[in-house]
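The values are calculated or read from the model by the stated rules, or taken from the named source; none is laboratory data. As the structure is a prediction and not an experimental result, all values here were calculated from the model. Heads up, the Cβs are rebuilt from the backbone with ideal geometry, glycines too, and the neighbour counts pull from every protein chain shown. Accessible surface areas use protein heavy atoms only, side chains included; no ligands, DNA or RNA. Shrake-Rupley method; radii C 1.70, N 1.55, O 1.52, S 1.80 Å.
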Amino acid sequence: QVQLVEAGGGSVQAGGSQRLSCAASGSTFSIDAMGWYRQAPGKQRELVASIISGGVTNYADSVKDRFTVSGDNAKDTVTLQMNSLKPEDTAVYYCWAHHRFRGDYWGQGTQVTVSS
């Protein structure tokens, strides 16, 4: 099993920044990717950014050049730095980890609200 604990989130004005962090514990040895998804009211959960074990990152088009995902393999953490936030970034953000043998794991979610 893998447990994911998120930190960060809250309310911010448009144009501001926020930083989300997620720490994994448990059977972390076989985690090969981590990242962040988000879900806005009435919408499907979508990938925001991910990072694989080799350090390759992937971003949703809507957040490219504004968000940065980074990982620390030694500490089993993943961080999402969000800059130039927009009201449309408002959502519940979920930490995600992929375990090579056991599939996907999710954090409990943290609310990010961007006001105009």
Subject >> Peptide ranges 18-31, 56-69 listed from the most packed, as the mean C-beta count within 10 angstrom indicates >> reply: 18-31, 56-69
**OP:** Starting at the first residue of the range 58-67, write each ³J(HN,Hα) from the Karplus equation 6.51 cos²θ - 1.76 cosθ + 1.60 with θ = phi - 60°, in whole Hz, x for Gly and Pro.
**Re:** 9, 10, 5, 4, 5, 10, 4, 6, 10, 10
Subject >> Extension reserve of the SER84-THR68 stretch, reckoned as 0.36 nm per residue once the Cα distance is removed >> reply: 4.6 nm
Original post:
Around PHE67, with a cut-off of 14 angstrom between Cβ atoms, what is the net charge of the other residues, counting Lys and Arg +1 and Asp and Glu -1?
Top reply: 0
Subject >> Label-point separation in nm, ALA60 to ALA40, each point 7 Å along Cα→Cβ >> reply: 0.8
Subject >> Only Lys, Arg (+1) and Asp, Glu (-1) charged, at Cβ; the chain dipole about Cα centre in debye >> reply: 80
Subject >> Of all accessible heavy-atom area on the chain, the percent that carbon and sulfur account for (1.4 Å) >> reply: 48
Original post:
Over the chain, what relative contact order in percent results from Cα pairs under 8 Å that are six or more residues apart?
Top reply: 37
Original post:
Under a 1.4 Å probe, what is the accessible area of the chain per residue, stated in Å²?
Top reply: 53
